[in-house]
Amino acid sequence: MSLYNLFAENVILPLSDVLLKRNIKGNLDFLMDSQWWSREKIIEYQNKRLRALILHSYENVPYYTNLFKRLKLTPSDFQTVKDLIKLPILTKSEIKKNRDSLLAKNIEKKDTMQICSSGSTGEPLCYFLDKKAYGFQMATNLRGLYWHGFRLGDKNIKISQNERNTLEKRVQDFLNRTTYVFSKHLTSENIQSTIDKIIETKPKLIYGYPDPLKFMADYIIRNNISMPAPKLINTSGNILFPENRKQIETAFGTKIADAYSCEGAPNLFQCNHSSMYHISMEYAITEVLNLNDTKAKYGRLITTNLHNYAMPFIRYDTQDFIQTEDVVCGCGRELDVVGKISGRDSDILKAPSGKYLIVHNFTGYFEYLDSIKQFQVRQEAIDFFRILIMVEDNFSSSLKAEIELYWKNYIGSEAKVIVDIVESIPLEKSGKRRFLIRDNKIIL
Ligand SMILES: [Zn+2]
């Protein structure tokens, strides 16, 4: 650890915490300790925070005051995490309808920040987070990076599809030794200039969405570029598929630590001892429900942020699907583990037989076909699937027929499957790439 790391952690961070009214440093110290707590102690902490959140919501948030009255519930009905089932799921459309009544009356606007998230479907949701909750969220993310050897003050590059537009963020970047690269369009020129910045600054860490990094990896491999390997790449914001991980790691000559977070704000961070993700249970309660709203190992991630008092989301439906695992990770941390993150429910297809098809069904197949660069599956009717593929020069027409036959058998003979070779597969407005698209007339 360098002197600058110590300075960043013990001088810059506490100072900016005071100026910006958040407590990243205190929360980070807490989280570095709580990660080693026993499961019982973690659950006890969650129960305590939940009781406080429920009481606050009941007393200060009109939406919840009304909801509790309507359901004839009082805060004393909520003693542990298991009692959460007494409340309905909070959907994105419910939030949009009740934005004003979800705001706490006793929290001043200056102590909150508005966050607008595009989500992986590109449908934006704007909400308020109190600055303290933001500080906790940032600390969970930093803890994840610390697992992989990064320290605050290490040089890093952030590749983003959004412009850096506030002075505060630019000052923060300067102090944190962050080089911010705004790369909206992934042209060869932009990719080359990002690579030049990596060569010039030799960062320890590169942050980015998986898809832009995958395009960069293609470019690096194609042009046989050699550059200094960062210690770590941190991906988030979109699903990182195994074949993309492999390619990015090869091109950049380093390991990826993947993370997940969303507007409801759970934080999942890949462990340094396994390929699994740890849930930051100190930050949010995570429930997993199947399509019938019953508890399951694989299903929709429902989250309750234990720290956001400005606009509490209790049992928020993230619409993302995850696979939890009943194992204790080899690292010794008893925080719950997640094996896979599968994306939004609009990224799930439904075969005529009723069988669900998720991204991993397809990536597990396409990753072994060298002559296919990218794919996207579009379900246009309950019995009609169109698979778009971008191919390499060595692609043969017999393979096209083979793919059609394989997926027809897999999905079921009632379905028609067509493979179209295309020049490009467009990204979503948000800059993210979708692998599966189900026509919205087809209900799961
Ligand atoms: Zn672990």
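Each value in this text was obtained by applying a stated rule to the coordinates, not by laboratory testing. These numbers come from a predicted model, not from an experiment. Because the Cβ atoms are built from the backbone with ideal geometry, glycine has one as well, and the counts that use them run over all protein chains shown.
Work out the length of the dipole vector of the stretch 153-251 about its Cα centre, built from +1 on the beta-carbon of each Lys and Arg and -1 on the beta-carbon of each Asp and Glu, and round it to the nearest 20 debye.
Dipole size: approximately 240 debye.
Wrap a convex hull around the Cα atoms of the stretch 51-104, take a quarter of its surface area, and give that in square nanometres.
If I average the Cα hull's projected area over directions, I get 3.6 nm².
Running Debye on the stretch 297-435 with equal point scatterers at the Cα sites and no solvent, what base-10 log of I(q)/I(0) appears at q = 0.17, 0.19, 0.20 Å⁻¹?
For the stretch 297-435 at q = 0.17, 0.19, 0.20 Å⁻¹, log10 I(q)/I(0) is -1.03, -1.17, -1.24.
Direction-averaged shadow area of the convex hull around the Cα atoms of the stretch 156-288, nm²?
9.1
Positive end of the charge dipole of the chain (Lys, Arg +1 and Asp, Glu -1 on Cβ, about the Cα centre): tell me which of Val288, Tyr134, Tyr4 has its Cα farthest that way.
Tyr134
Specify the inter-centroid distance of the stretch 293-365 and the stretch 374-444, based on alpha-carbon positions, in whole Å.
The stretch 293-365 and the stretch 374-444 have Cα centres separated by 24 Å.
At 222 nm, what helix-only mean residue ellipticity would the chain give, in deg cm²/dmol to the nearest 500, using -39500 (n - 2.57) for each DSSP H run of four or more?
Helix-only estimate at 222 nm: -10000 deg cm²/dmol.
Along the principal axes of its C-alpha atoms, what lengths does the stretch 202-262 span, in descending order and rounded to whole Å?
For the stretch 202-262, the Cα spread along each principal axis is 35, 22, 15 Å.
Could you size up the charge dipole of the chain around its Cα centre, putting +1 on the beta carbon of Lys and Arg and -1 on that of Asp and Glu, and report it in debye to the nearest 20?
1020
Report the relative contact order of the stretch 348-438, percent, no decimals, based on alpha-carbon pairs under 8 angstrom and at least 6 residues apart.
35
P(r) for the stretch 1-109, please, calculated from all Cα pair distances in 10 Å bins and given in %.
The distribution over the stretch 1-109 is 12, 28, 28, 23, 8, 1, given as percents.
Can you give the Rg to Rh ratio of the stretch 58-143, both from alpha-carbon atoms, with Rh computed by the Kirkwood formula?
0.99
Could you work out Rg/(2.2 N^0.38 Å) for the chain, with Rg from alpha carbons only?
1.02
If we count trypsin sites (Lys or Arg not before Pro) as exposed when they sit in a DSSP loop and have at most 13 other beta carbons within 10 Å, what is the longest stretch of the chain that avoids them all?
Segment 185-296 is the longest.
If you wrap a convex hull around the C-alpha atoms of the stretch 224-364 and split its volume per residue, what is the figure in Å³?
142
With contacts defined as alpha carbon pairs under 8 Å and 6 or more residues apart, what's the relative contact order of the stretch 1-98 in percent?
19
Counting alpha carbon pairs within less than 8 Å and at least 6 residues apart, what relative contact order, in whole percent, applies to the chain?
14
From the residues Asn308, Asn162, Ile198, which one has its Cα farthest along the dipole of the chain in the positive direction, the dipole being from +1 and -1 charges on Cβ of Lys/Arg and Asp/Glu about the Cα centre?
Selected residue: Asn308.
Could you give the C-alpha radius of gyration of the stretch 145-230 expressed as a fraction of 2.2 N^0.38 Å, taking N as the number of residues it contains?
1.09
If I histogram all Cα-Cα distances within the stretch 80-233 using bins 10 Å wide from 0, what percent of pairs lands in each bin?
Final binned percentages: 8, 28, 32, 20, 10, 2.
Give the cross-link partners of Lys231 among the lysines, using a straight C-alpha distance below 22 Å as the criterion and excluding same-chain residues fewer than 8 apart.
Lys231 reaches Lys155, Lys158, Lys197, Lys202, Lys204, Lys214, Lys246, Lys255.
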